[in-house]
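Student: Handing you this structure, nothing more for now.
The values are calculated or read from the model by the stated rules, or taken from the named source; none is laboratory data. The model shown is predicted, which means the values in this text are computed figures rather than measured ones. Methodologically, a virtual Cβ is constructed for each residue, glycine included, from the backbone with ideal geometry; neighbour enumeration extends over all protein chains shown. Please note that ligands, DNA and RNA were not included when accessible areas were found on the heavy atoms of the full protein model with its side chains. Shrake-Rupley method; radii C 1.70, N 1.55, O 1.52, S 1.80 Å.
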Amino acid sequence: MISTATTLAGSNFDNCMMNASGVYCMDSDELLAVENSKAATFVTKSGTLQPRKGNPEPRYFETEFGSINSMGLPNNGVDYYLDFVSQDQINHPGKTYFLSITGFNLAEDLELLQKVTDSDFAGVVELNLSCPNVPGKPQTGYDFETVDAILKAVFDVYHKPLGVKLPPYFDIIHFDQMAEILNKYPLSYVNSINSIGNGLYINDDTETVVIKPKQGFGGIGGEYVKPTALANVHAFYQRLNKDIQIIGTGGIQTGKDIFEHILCGASMVQVGTALMVEGPVIFERLTAELEAIMAEKGYSSIEDFRGKLNYL
Ligand SMILES: O=C1NC(=O)NC(C(=O)O)N1
């Protein structure tokens, strides 16, 4: 019997795949579409204290090998997502959902978490430290001291399952430094990676960028980012306390991509660009493809090969 089931943040999931925050999770229709798919669960769009319109359009563009986006954190506000998930929990007792949140400073992060504490939400919080698309705002995940300060303050007040969404790192010393910080805190998981920030895609015919915000600079997702995503998943797997699990995000289009993320150490994977392209039906194909690979290799569970990447 082959199972792609997994355990993450203290909860059991009958599958190891879900949407990536930002994709198919803006409103109740999209969240229900993921809920009713083969995905194990869903994560909401990153909720901010107040609803946001986000950046001017066009702000998303699909390319031959992935996507570029500068959405700018459009969302219905954290209260909308808390209300939706609190109701959904009643309709699906025992199921665990993920709520993504992002403040624009520490005070906002703590205010968001207070709202979560005061609500009926019983799932997992994903603190987004890596949006690259709010003009004038840095990707917090690249400010190591600030990440340390945020996590210290967060875990002083919040004691339920919580993970962080990180940007990609590209330097071994940065993996070392970030892992040293993360290992100080009772994180349930680390989610690597968010999009590769501030890429540029050009339409050669018109000699123009393809998205309006930030003169065309936007986060890169899709096939382009898989090698970076796998490296970040494995680098943190090598360095983090084993009680901090890893969600692998980035470049997943096939069951083979999921297999590779798990081989690098991921306990769950999130699908972004490919989900945007194919819709929630993708989870049926991905599950079938992953199960076929596991059958061919004689694995019955993802724990048979998780993190067991070989070196030369
Ligand atoms: O964290 C984020 N990553 C992205 O690539 N885009 C969104 C956004 O712009 O809202 N946020």
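Student: Working carefully through the options SER86, SER100, find the one that is open to solvent by less than 30 Å² (accessible area, probe 1.4 Å), closer than 30 Å to PHE175 by Cβ, within 21 Å of the chain's Cα centre (by Cα) and touching a residue at least 24 places away in the same chain (Cβ under 8 Å).
Tutor: SER100
Student: Assess whether LEU112 counts as being within 15 Å of the ligand (Cβ to nearest atom) and either under 27 Å from ILE252 (Cα atoms) or in a loop (DSSP other than H, G, I, E, B) (or both).
Tutor: Criteria not met by LEU112.
Student: Just checking, which of LEU8, LEU32 is out of contact with any helix residue (DSSP H, G or I) (no Cβ under 7 Å at 6 or more places or on another chain) and buried (at least 23 other Cβ atoms within 10 Å of the Cβ)?
Tutor: LEU8
Student: For the range 216-231, give me each residue that is under 16 Å from the mean Cα position of the chain (by Cα) and within 10 Å of TYR201 (Cβ to Cβ).
Tutor: ILE220
Student: Being touching a strand residue (DSSP E or B) at 6+ places or on another chain (Cβ under 8 Å) and over 26 Å from GLY250 (Cβ atoms) is the filter here, so list the residues in the range 117-152 that pass it.
Tutor: PHE121
Student: Taking the conditions exactly as written (away from the ligand (no atom under 16 Å from the Cβ), modelled with pLDDT of 95 or more, open to solvent by less than 30 Å² (accessible area, probe 1.4 Å) and not aromatic (Phe, Trp, Tyr)), does ASP79 satisfy them or not?
Tutor: no
Student: Out of the range 14-29, which residues are open to solvent by 10 Å² or more (accessible area, probe 1.4 Å), within 16 Å of the ligand (Cβ to nearest atom) and over 16 Å from GLY123 (Cβ atoms)?
Tutor: GLY22, VAL23, TYR24, MET26, ASP27, listed by residue number.
Student: Check every one of the strands (runs of 3 or more DSSP E) wholly within the range 134-219 and list those with 2 or more residues that are within 11 Å of the ligand (Cβ to nearest atom) and surrounded by 13 or more Cβ atoms within 10 Å (Cβ to Cβ).
Tutor: The strands (runs of 3 or more DSSP E) meeting that bar are 162-166, 196-200.
Student: Out of (1) touching a Phe, Trp or Tyr at 6+ places or on another chain (Cβ under 6 Å); (2) part of a strand (DSSP E or B), what's the single condition that is false for SER100?
Tutor: Answer for SER100: the failing condition is (1).
Student: Here's a follow-up. Quick one: count up the residues across the range 43-74 that are open to solvent by less than 60 Å² (accessible area, probe 1.4 Å) and more than 8 Å from the ligand (Cβ to nearest atom).
Tutor: 9
Student: For residues in the range 115-133 being within 16 Å of the ligand (Cβ to nearest atom) and in a loop (DSSP other than H, G, I, E, B), which is most open to solvent (accessible area, probe 1.4 Å)?
Tutor: CYS131
Student: Within the range 219-251, track down each residue that is β-branched (Val, Ile, Thr) and either at pLDDT below 95 or farther than 23 Å from PRO132 by Cβ (or both).
Tutor: Hit for the range 219-251 is ILE244, nothing else.
Student: A further question on this structure: When the range 248-303 is examined, which residues are found to be open to solvent by less than 10 Å² (accessible area, probe 1.4 Å), of a type outside the set (A, V, I, L, M, F, W, C) and within 14 Å of SER3 (Cα to Cα)?
Tutor: Those that are open to solvent by less than 10 Å² (accessible area, probe 1.4 Å), of a type outside the set (A, V, I, L, M, F, W, C) and within 14 Å of SER3 (Cα to Cα): GLY255, SER267, THR287.
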